[in-house]
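First comes the structure, then the notes that go with it.
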Amino acid sequence: MEFETTRLEGVMLVRPRVFEDDRGSFTETWNMEAFAEVVGESVQFKQSNESVSRAGVLRGLHFQIPPRGQGKLVRVSRGRVLDVAVDLRSESATFGQHVAVELSAENRWQLWIPVGFAHGFLALEDGATLQYQCTDTYHPESEQSLAWNDPNLGIDWGVERPVVSDRDQAAAAFATFESPF
């Protein structure tokens, strides 16, 4: 696995090694020891999720607040998505900034999003399948979201009218957000 830092401290692009031959391919998608060496701590996952979306569906920006914060290791097993992480750590030099990466079944890249970041994605193809492992289980009372189209965040999703849930459409503005991170 290759690990590449992003401009947001803690968020990493993970490029697994792919072994291909005439039979197909093999990819190691998770290695706890290698990950701990790069991240500096042992990461243990408590829940795995899969989300299938049609092109133009935008989900996010979601996060859970402490003590039930979630780190996420995100990958795409079918199609392509634009995956976004927003820094919510109030003491961070990049507070309120984001990183956006295209993840696809073809490139097999993964994005590590630690606790203290909001996460969202836009499906770029029908049937885009996002799989992610979380460091804590879903806890509805801890879940919050920020407006995907908040001008203060300045995220260029590349679409004017994505398909967004009612819940995500009603998400809070970043200007009203008081960070618990």
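The values are calculated or read from the model by the stated rules, or taken from the named source; none is laboratory data. Remember, it's a predicted structure, so these values are computed and weren't measured experimentally. FYI the Cβ positions are ideal-geometry reconstructions off the backbone, even for glycines, and counts take in every protein chain you see.
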For this session: Go over the candidates 53, 77 one by one and state the one that is closer than 17 Å to residue 101 by Cα, within 19 Å of the chain's Cα centre (by Cα) and of a type in the set (Ser, Thr, Tyr).
Result: 77
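Of all residues in the stretch 169-181, which are in a loop (DSSP other than H, G, I, E, B) and of a type in the set (A, V, I, L, M)?
Step one: of the stretch 169-181, the residues in a loop (DSSP other than H, G, I, E, B) are 170-171, 173, 177-181.
Within the stretch 169-181, 170, 171, 173 meet the criteria.
Yes or no, residue by residue, for (1) of a type in the set (A, V, I, L, M, F, W, C); (2) surrounded by 15 or more Cβ atoms within 10 Å (Cβ to Cβ); (3) out of contact with any strand residue (DSSP E or B) (no Cβ under 8 Å at 6 or more places or on another chain); (4) modelled with pLDDT under 95:
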residue	(1), (2), (3), (4)
1	yes, yes, no, yes
14	yes, yes, no, no
18	yes, no, no, yes
24	no, no, yes, yes
27	no, no, no, yes
42	no, no, yes, yes
56	no, yes, no, no
For this session: Within the stretch 87-99, identify whether any single residue is within 10 Å of the chain's Cα centre (by Cα), crowded, with 18+ Cβ neighbours inside 10 Å and either at pLDDT below 95 or under 22 Å from residue 167 (Cβ atoms) (or both), and answer yes or no.
Result: no
Exercise. Being touching a residue at least 60 places away in the same chain (Cβ under 8 Å), over 21 Å from residue 29 (Cβ atoms), among the aliphatic types (A, V, I, L, M) and part of a loop (DSSP other than H, G, I, E, B), is that true of even one residue in the stretch 157-168?
Worked result: yes
Exercise. Counting just the residues of the stretch 1-40 that are of a type in the set (Asp, Glu) and outside any strand (DSSP E or B), which one comes out nearest to residue 76 (Cα to Cα)?
Worked result: 28
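Given the options 38, 43, name the one that is farther than 21 Å from residue 104 by Cα and in contact with a helix residue (DSSP H, G or I) (Cβ under 7 Å, 6 or more places away or on another chain).
Details: 38 fails: in contact with a helix residue (DSSP H, G or I) (Cβ under 7 Å, 6 or more places away or on another chain).
Going through 38, 43 in turn, just one is farther than 21 Å from residue 104 by Cα and in contact with a helix residue (DSSP H, G or I) (Cβ under 7 Å, 6 or more places away or on another chain): 43.
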Exercise. Looking only at the stretch 110-168, which residues are more than 20 Å from residue 178 (Cα to Cα), crowded, with 19+ Cβ neighbours inside 10 Å and either at pLDDT below 95 or of a type in the set (Phe, Trp, Tyr) (or both)?
Worked result: 112, 121, 132
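Scan the stretch 126-153 for residues that are in a loop (DSSP other than H, G, I, E, B) and among the hydroxyl-bearing types (Ser, Thr, Tyr) and report the count. Spell out how you get there, then give the answer.
Within the stretch 126-153, the first condition is being in a loop (DSSP other than H, G, I, E, B), and the residues that meet it are 126-127, 135-139, 147-153.
In the following step, the residues that additionally are among the hydroxyl-bearing types (Ser, Thr, Tyr) were identified as 135, 137-138.
Residues in the stretch 126-153 being in a loop (DSSP other than H, G, I, E, B) and among the hydroxyl-bearing types (Ser, Thr, Tyr): 3 in total.
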For this session: Report, by residue number, each residue of the stretch 106-124 that is aliphatic (A, V, I, L, M) and either touching a Lys or Arg at 6+ places or on another chain (Cβ under 6 Å) or in a strand (DSSP E or B) (or both).
Result: 111, 113, 118, 122, 123, 124
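Regarding the stretch 14-33, can at least one residue be identified that is in contact (Cβ under 8 Å) with a residue 60 or more places away in the chain, within 23 Å of residue 96 (Cα to Cα) and touching a Leu at 6+ places or on another chain (Cβ under 9 Å)? Give the derivation first.
First, pick out the residues of the stretch 14-33 that are in contact (Cβ under 8 Å) with a residue 60 or more places away in the chain: 14-16, 18, 27, 29-30.
If we keep only those that are within 23 Å of residue 96 (Cα to Cα) as well, we get 14.
In the following step, the residues that additionally are touching a Leu at 6+ places or on another chain (Cβ under 9 Å) were identified as 14.
Among the residues of the stretch 14-33, at least one is in contact (Cβ under 8 Å) with a residue 60 or more places away in the chain, within 23 Å of residue 96 (Cα to Cα) and touching a Leu at 6+ places or on another chain (Cβ under 9 Å), which makes the answer yes.
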